[in-house]
Amino acid sequence: MAYDFDLFVIGAGSGGVRAARFAAGFGAKVAVAESRYLGGTCVNVGCVPKKLLVYGAHVADELEQAAGYGWTLEEGHFDWGTLIANKNREIDRLNGIYRNLLTGSGVTLLQGHARITGPHQVEVNGEQYSVERILIATGGWPQVPDIPGKELAITSNEAFYLKELPRRVLVVGGGYIAVEFAGIFQGLGSDTTLLYRADLFLRGFDGSVRTHLKEELEKRGMNLQFNADIQRIDKLEDGTLKATLKDGRELVADCVFYATGRRPMLDNLGLENTGVELDERGFIRVDEQYQTTAPSILAIGDVIGRVQLTPVALAEGMAVARRLFKPEQYRPVDYQNIPTAVFSQPPIGTVGLTEEQALDAGHKVTIFESRFRAMKLTLTEIQEKTLMKLVVDAETDKVLGCHMVGPDAGEIIQGLGIALKAGATKQQFDETIGVHPTAAEEFVTLRTATR
């Protein structure tokens with residue numbers, strides 16, 4: 001039969017837009033439905049605005065370091081409203097770019113909530129569309145534990161639109177979003193406490209990285225509360241919030257920010273009208289080609305719960321478009337050696353296996369590790385240390401993992417990601433000439449194994 005569309009994409013986030021654009025470019029008739037904002041989480045309430053706030057928070061470090069370089073500055077004043085207004089203007093600009101990317105590619109853009117009404121049927125704003133294939137790319141949504149007073153807490157969705165900077169902030173969570181926002185709030189001047197229910201944050205990252213960041217955040221005066229969890233939140237008469245912990249302690253703050261996980265956004269999607277199954281965690285179950293258990297429906301991005309990163313969703317979207325409409329160009333997504341940055345302060349860059357993962361996989365490893373004070377800080381009183389670490393297979397000399405905590409970690413790790421993708425050995429690292437004087441050259445001058 002003739003369908004209205006060859007591909008109907010639900011969700012105009014990074015993965016959905018990439019799949020739609022390229023599918024249209026390959027000759028398919030494509031529609032995209034979006035009920036919120038073009039660009040999805042990343043552009044609107046994720047990586048992009050978060051990085052802008054990180055830049056803003058980092059200015060405080062630059063001002064602190066200025067005296068060592070001969071600059072005498074008047075006491076700075078930070079205005080939250082100006083930062084948020086400028087951020088909003090930039091996000092509006094990016095929304096327009098995403099709109100132009102879609103319409104310029106020949107994609108039909110439908111602004112409204114899409115609901116699947118059958119294996120080949122989607123409804124948007126009361127209109128029914130017949131479609132050959134449906135691609136679900138609806139992303140994730142932050143969730144707050146079901147505790148008394150949960151409605152008093154905010155998540156990353158609301159943090160970008162706060163009317164004013166809270167004087168005291170309690171950040172709850174141990175993942176990268178919690179760590180990043182704790183750094184943002186503290187860098188911009190809030191009295192910040194980071195509370196996490198386990199022994200140490202950033203589970204799954206290299207142990208040296210986790211410990212080093214903890215030490216650096218403590219140097220900066222952040223109040224870290226591990227093995228602690230909130231039992232209830234109450235609003236006091238003066239408008240402040242009281243968090244009662246499970247151990248009976250009470251913490252008072254102007255804002256309680258939760259970053260304790262994200263769920264797949266499946267609300268009113270109509271999955272009950274399909275054969276789509278969910279996995280044990282509640283994400284859409286797909287095979288290696290992003291095919292769900294319903295023959296006409298695929299899914300990519302955060303909604304499938306694999307690697308929840310924007311560049312991964314982009315790669316998955318491209319893979320779907322190629323497999324369906326340009327199979328001669330199809331190649332599967334490689335989930336190995338994905339470079340990752342955490343924009344904490346100081347930031348983290350990592351690619352490849354952690355020391356713990358390498359050992360668990362049966363590798364005999366040699367560890368090269370260095371901690372040093374960055375050259376930029378030598379004329380200041382700041383005692384922050386940078387960490388660089390290589391995990392090397394002792395038998396093959398192959399570099400299994402690169403890890404860094406320090407300025408520009410995300411920028412540096414991208415190039416190392418290419419090296420690991422190419423299978424570089426420690427000898428090849430050693431034979432590479434360093435760029436001097438930089439921190440990055442430390443990765444090619446690590447000569448003595450630390451263990």
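The values are calculated or read from the model by the stated rules, or taken from the named source; none is laboratory data. Everything numeric in this text was worked out from a predicted model, so none of it was measured. Cβ coordinates were reconstructed from backbone atoms using ideal geometry, including for glycine residues, and neighbour counts include every protein chain displayed. Ligands, DNA and RNA are excluded from the accessible area calculation, which covers all protein heavy atoms including side chains. Shrake-Rupley method; radii C 1.70, N 1.55, O 1.52, S 1.80 Å.
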*Using unit Cβ charges (K, R positive; D, E negative) and no other charged atoms, how large, in debye to the nearest 20, is the dipole of the chain about its Cα centre?*
540 debye
*With an 8 Å cut-off on Cα pairs and a minimum separation of 6 or more residues, tell me the relative contact order of segment 330-381 in percent.*
20 percent
_Dipole moment magnitude, nearest 20 debye, segment 159-317 about Cα centre, only Lys, Arg, Asp, Glu C-beta charged_ = 400 debye
*Which of 343, 374, 297 sits farthest toward the positive end of the charge dipole of segment 232-385, with +1 on the Cβ of Lys and Arg and -1 on the Cβ of Asp and Glu?*
374
*Extension gain residue 278-residue 141, at 0.36 nm per residue separation less the Cα-Cα distance, in nm?*
47.7 nm
*Calculate for the chain the 222 nm mean residue ellipticity that helices alone would give, adding -39,500 (n - 2.57) per DSSP H run of length 4 or more and normalising by residue count, nearest 500 deg cm²/dmol.*
-9000 deg cm²/dmol
*asked:* So if each residue of separation counts as 0.36 nm, and I subtract the Cα-Cα distance between residue 74 and residue 436, what length gain in nm does that give?
replied: 127.0 nm
*Give the Rg (one decimal place) followed by the Dmax (whole number) of segment 309-434, computed from C-alpha coordinates and expressed in Å.*
17.3, 59
*asked:* Given contacts defined as C-alpha pairs under 8 Å and at least six residues apart, what's the relative contact order of segment 362-451, whole-number percent?
replied: 30 percent
*asked:* Quick check: Cα centre of segment 272-327 to Cα centre of segment 329-349, how many Å?
replied: 19 Å
*Does anyone have the angle between helix 310-325 and the longest principal axis of the chain? Alpha-carbon axes, 0 to 90°, nearest 10?*
30 degrees
*State the percentage of accessible surface on the chain attributable to carbon and sulfur atoms; use a 1.4 Å probe and exclude ligands, DNA and RNA.*
50 percent
*For helix 80-104, report the angle its Cα long axis makes with the longest principal axis of the Cα atoms of the chain; keep it between 0 and 90° and round to the nearest 10°.*
40 degrees
_Taking the Cα of residue 449, stepping 7 Å toward and past its beta carbon, and measuring to each backbone N in segment 329-369: which are under 19 Å?_
353-369
*Taking H as built 1.01 Å from N, whose amide H comes closer than 5 Å to the amide H of residue 201, not counting residues under 5 places away?*
none
_Among (i) 21.9, 69; (ii) 23.7, 75; (iii) 25.1, 80, the entry that matches Rg and Dmax of the Cα atoms in Å as calculated here_ = (ii)
_Cα centroid of segment 395-433 to Cα centroid of segment 193-207, whole Å_ = 25 Å
*asked:* Rolling a 1.4 Å sphere over the protein heavy atoms, what is the accessible area per residue of the chain, to the nearest Å²?
replied: 47 Å²
*Would you kindly state how much longer the chain becomes between residue 127 and residue 267 on full extension, computed as 0.36 nm times their sequence separation minus their alpha carbon distance, in nm to one decimal?*
48.5 nm
*Quick one: angle between helix 176-187 and the longest Cα principal axis of the chain, in degrees between 0 and 90, rounded to 10, please.*
50 degrees
_On a straight-distance basis, which aspartates and glutamates could pair with residue 242 in a cross-link, Cα separation under 17 angstrom, same-chain partners fewer than 8 positions away excluded?_
146, 151, 191, 229, 234, 250, 254
_For segment 202-288, what are Rg and Dmax over the alpha carbons, in angstrom?_
19.6, 54
*Report the label-to-label distance for residue 90 and residue 219 in nanometres (one decimal), using points 7 Å from each Cα along the Cα→Cβ vector.*
2.7 nm
*Anything over 24 Å Cα to Cα? Flag those among 50/163; 51/376; 214/398; 214/376; 51/163; 214/421, in the order listed.*
214/398; 214/421
*For the chain: relative contact order, % (alpha-carbon pairs under 8 angstrom, 6 or more apart)*: 16 percent
